[in-house]
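Data first, discussion second: the structure below is written as structure tokens.
The values are calculated or read from the model by the stated rules, or taken from the named source; none is laboratory data. Please read all numbers here as calculations on a predicted model, not as lab measurements. Heads up, the Cβs are rebuilt from the backbone with ideal geometry, glycines too, and the neighbour counts pull from every protein chain shown.
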Amino acid sequence: MERVVITGMGTINPLALNVKDTWEKAINGVSGVGPITLFDASEWNVKIASEVKDFNPDLYMDFKEARRRDRFEQFGVAAAKEAIQSSGLEITDKSTHDIGVIVSSAIGGLKSLQDNIYTLKDQGFRKVSPFSISMMMPNGAAGFISIDYGIRGPSLSIASACASGADGIGVAWTMLRAGMIEAAIAGGAEATVTPLGVGAFDRAAAITRSPDWTSNPRPFDRNRDGLVMGEGAALLVMETESHAKSRGANILAELAGWSSNSDGFHVTAPRSDGSGGGLAIQKALAVAQEDPEQVGYINAHGTATVMNDAAETASIKYAFGEQAYHIPISSTKSMTGHMMGATGALEAIFLVQTIREGVLPPTIHYETPDPACDLDYIPNKAREKKVRVAVSNSFGFGGHNAVLVIRKYEG
């Protein structure tokens, strides 16, 4: 069965508008969190978010098209442009049917949905935008990337809450290994920093109400009190090894394994014993044919909610036993915020960069240890270490667990 390799990456996120600058800020512990500016939150419980800054969609697509696309779709198209350019992948009449686009979103065009409901209520159905369907649908980013580049292979979106981006990459990996396609643009896009998105998470008691954007979120810290909502997109160009080699592509890393399962327990709470996530980690490593002792770094889901961080710690212990205490772990959400369906894809990019650069990004804002979270979370400062095999965890509401295993490419 074909190995799957990564040949290109692209991202739009709260730290930066490309991979290079994003990585520099991540390893230097820079936070993308700040006061909410996308709507007036002055009377809200929640005052902070991790917003994409200085994004101009007109730099990535036609002006008219940009106005017909939701913010999450704009992010997806922009990230795809960088990923495709960096990979050198040529999309031709001959190759177009052998390329897939799997760009996931947990929610889709939330702002467009919200705006059109307001319009319907205040002005009537005749004022609802004729583009509202294409702006709301969760598969919109995948569809527009396919249209913009004339890609005619599989085009779809996976919805598994905050595991969506990782699962989208995993589905692309499965298609590549099965011989359905030779290349894929895969990842996630999300834009939920809206009144409805922030308000709903506040009512679910999952988001911090602290106005202090300089010290939140605080994954794995004893004083953590909820996530900070983020937004953005992250995409990988993935190819079968033979296809990448045939065109002389620069191979960045190998996507060695993916696992997806369900807690089958509760719509928002993870299993406290860590068995759901732990079994997913074990299965992903088994699929990758990697010994757990070879894992040199874990990028945690690490949302900074009380239940998630403790349960994820239990999952890592479930999967690795005593070895869990010897594996460096970090939550890059401490810097990017929680980008919902896109977050797992950005964290896959961080795995690639970690393996290539030999630097582990930190968990910032970590001050007070928690007995329930007693592993090595790389507090506050990046760490140099050569890593051959790395793991990324993505867990979502509904009990979804997705785990990616990325390793150094050894051709």
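Brief remarks follow.
- Residue within segment 195-210 that is in a strand (DSSP E or B) and either at pLDDT 95 or above or of a type outside the set (S, T, Y) (or both) present: yes
- Of all residues in segment 251-308 being acidic (D, E) and assigned by TED's automatic domain parsing to the domain that holds D370, the one that is nearest to M1 (Cα to Cα): E290
- Within segment 145-181, considering residues that are more than 19 Å from the chain's Cα centre (by Cα) and in a helix (DSSP H, G or I), the one surrounded by the most Cβ atoms within 10 Å (Cβ to Cβ): L176
- Taking helices (runs of 4 or more DSSP H) as the structural unit, those lying wholly within segment 303-357 and holding at least 3 residues that are in contact with a strand residue (DSSP E or B) (Cβ under 8 Å, 6 or more places away or on another chain), among the small types (G, A, S) and surrounded by 24 or more Cβ atoms within 10 Å (Cβ to Cβ) correspond to 343-357.
- Unique residue being free of Cβ contacts under 8 Å to residues at least 12 places away in the same chain and touching a helix residue (DSSP H, G or I) at 6+ places or on another chain (Cβ under 7 Å) when the list is D58, D70: D58
- Meets criteria (more than 28 Å from Y366 (Cα to Cα) and either under 21 Å from the mean Cα position of the chain (by Cα) or aromatic (F, W, Y) (or both)) for A184: yes
- Scanning segment 133-144 for residues that are out of contact with any strand residue (DSSP E or B) (no Cβ under 8 Å at 6 or more places or on another chain), crowded, with 19+ Cβ neighbours inside 10 Å and part of a helix (DSSP H, G or I) yields M135, M136, G140, F144.
- Some residue of segment 86-97 being polar (S, T, N, Q) and farther than 28 Å from R152 by Cα: no
- Taken over segment 34-84, the criterion of being part of a loop (DSSP other than H, G, I, E, B) and β-branched (V, I, T) is satisfied by I36, T37, V46, V52.
- Criterion: free of Cβ contacts under 8 Å to residues at least 24 places away in the same chain, more than 20 Å from S260 (Cα to Cα) and hydrophobic (A, V, I, L, M, F, W, C) - qualifying residue of A183, A191, A178, A205: A205
- Among residues of segment 229-242, those that are assigned to a helix (DSSP H, G or I) and either β-branched (V, I, T) or assigned by TED's automatic domain parsing to the domain that holds G341 (or both), counted: 0
- Failed condition for W23, given (1) among the aromatic types (F, W, Y); (2) surrounded by fewer than 21 Cβ atoms within 10 Å (Cβ to Cβ); (3) within 24 Å of L89 (Cβ to Cβ): (2)
Quick grid of which residues meet (1) of a type in the set (V, I, T); (2) closer than 24 Å to G399 by Cα; (3) part of a loop (DSSP other than H, G, I, E, B):
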{"site": "D225", "(1), (2), (3)": "no, yes, yes"}
{"site": "W258", "(1), (2), (3)": "no, yes, no"}
{"site": "V267", "(1), (2), (3)": "yes, yes, yes"}
{"site": "A284", "(1), (2), (3)": "no, yes, no"}
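- Checked against (1) touching a residue at least 40 places away in the same chain (Cβ under 8 Å); (2) in a loop (DSSP other than H, G, I, E, B); (3) hydroxyl-bearing (S, T, Y), T22 passes all but condition (2).
- Considering segment 68-83, the residues that are within 18 Å of T192 (Cα to Cα) and of a type in the set (D, E, K, R) include one that is surrounded by the fewest Cβ atoms within 10 Å (Cβ to Cβ), namely R68.
- Residue check, A106 touching a residue at least 40 places away in the same chain (Cβ under 8 Å) and touching a Cys at 6+ places or on another chain (Cβ under 9 Å): yes
- Scanning segment 358-389 for residues that are over 18 Å from the mean Cα position of the chain (by Cα), β-branched (V, I, T) and either surrounded by fewer than 23 Cβ atoms within 10 Å (Cβ to Cβ) or within 25 Å of M229 (Cβ to Cβ) (or both) returns V359, I364, T368, I378, V387.
- Condition met for S86 (in contact (Cβ under 8 Å) with a residue 12 or more places away in the chain, surrounded by fewer than 22 Cβ atoms within 10 Å (Cβ to Cβ) and within 18 Å of I185 (Cβ to Cβ)): yes
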